[in-house]
């Protein structure tokens, strides 16, 4: 099954570039990850529009493949899941705590679990919960060393005491306790064990205060693959479900994971140039012999990083060719070599995809700019149409009987 979403003009837009999402890869990845953990619950993290793959399609695919929780960063993403008819538990963890927040109110009305990391957040949630007429269901977050969200160790006792009081007055229900490891992508780092020990102390303190959390969760993708002792009651799978490496030393293929996202574009021009010709702005590249150049109609406005210049990352006609010259806003050039036999206008260039096909991976692109594949897939612009393959759903108004996680 293959469909284009969401632009009505997608067939024309696809002529300048296309993002193909293989939902069967996401499904297979989740099944492979599920086998690597004994944790009773599995959260598929679908934040950032499903890491650029598509929020709703990824969520439905993940649930069909065995996930029983979904995770989002922003409350609006969680509400979008509810509006699409998805009823499984959803945790969202990033929001501005304000008594007048319509977004928080809507999230609570839609039974979205929210993260709670400070007494100030608690007071806001409790106040809104009173108006909504139902308790806010929360996961208390411990800052175990990331210095990002969550309560620091010295603030934990006060947060736990206030959460217990809110449970007694019916404005709060603590369903989980969680943390995110500062060294999550370096599973062997000693800081992880120290953070988990601190987390276990925090759970014991919460229980001693009268809280009864059902879920303890620490592990993200790298820990699912490398640290089974950190799995507790639920694991949170992000990058790995999309087939990317969650840590530098982990090769996704070694775990049966494959990339789900492929970016392609047609060659819109092929030209021969003589030696000594400057290419693109500022002539940062100059030909040393006659060459054939190919023009690809994607640029930094589409999420193509300027740092790929000079790297052999683009696959055309079964071979890798280097990017030449400075990447422009809407286009860049590739060096097709002194002989472009067999290559012509309209041929499809694969920017990145499944390395098993010979293409560069998003992780290869990330390494080329001193980053990681997750930055690459998340920067691909919305103006590129997404084409979904192997989807169990034709469109949001599906015709078959809905699965149990869909209203």
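Laboratory data are not the source of any read-out in this text; all were calculated from the coordinates shown. Note that the structure is a prediction, hence the values are computed from the model and not measured. Quick reminder, even Gly has a Cβ in these numbers, built from the backbone with ideal geometry, and neighbours come from all protein chains shown.
Of note:
- Gaussian network model of the chain, springs between alpha carbon atoms under 10 Å - residue of 292, 95, 281 with greatest fluctuation: 281
- Region 23-242: relative contact order as a whole-number percent, Cα under 8 Å and 6+ apart: 21
- Residue-normalised convex hull volume from the C-alpha trace of the chain: 150 Å³ per residue.
- Residue 319 versus residue 272: modelled label distance in nm, points set 7 Å from Cα along the beta carbon direction: 1.6
- With coordinates expressed along the principal axes, the C-alpha atoms belonging to region 77-135 extend over 31, 22, 16 Å, beginning with the largest.
- Extension gain, residue 146-residue 201: 0.36 nm per intervening residue step, less the Cα-Cα distance, totals 18.1 nm.
- A viscosity of 0.692 mPa s and a temperature of 37 °C, combined with the Kirkwood radius over Cα pairs in Stokes-Einstein, give a translational diffusion coefficient for region 261-384 of 228 µm²/s.
- Taken over region 108-150, the convex hull of the Cα atoms encloses 60 Å³ per residue.
- Label-point separation, residue 153 to residue 103 (7 Å along Cα→Cβ), nm: 3.3
- Pairwise FRET efficiency - residue 348 versus residue 119, Cβ, R0 = 35 Å, nearest 0.05: 0.05
- Considering only 349, 275, 195, the mean-square fluctuation computed in a Gaussian network model of the chain, springs between alpha carbons under 10 angstrom, is largest for 275.
- Relative contact order, percent, region 254-340 [alpha-carbon distance under 8 Å, six or more residues apart]: 29
- Here 288, 53, 41 are placed in order of increasing Cβ neighbour count within 10 Å, fewest first, which gives 288, 41, 53.
- Highest mobility in the GNM of the chain, judged by mean-square fluctuation with C-alpha springs under 10 Å and restricted to 342, 149, 127, is found for 342.
- Calculated FRET value between residue 289 and residue 68, using beta carbons and R₀ = 60 Å, to 0.05: 0.50
- The Kirkwood hydrodynamic radius of region 23-242, based on inverse pair distances between different Cα atoms, is 17.4 Å.
- Between the alpha-carbon centres of region 290-328 and region 140-174 there is a gap of 49 Å.
- The fewest-to-most ranking of 219, 371 by surrounding Cβ atoms within 10 Å reads 371, 219.
- From least to most packed, judged by other beta carbons within 10 angstrom and beginning with the fewest, 380, 277 follow the order 277, 380.
- FRET efficiency, 1/(1 + (r/R0)^6) with R0 35 Å, evaluated for residue 87 and residue 371 via beta carbons: 0.45
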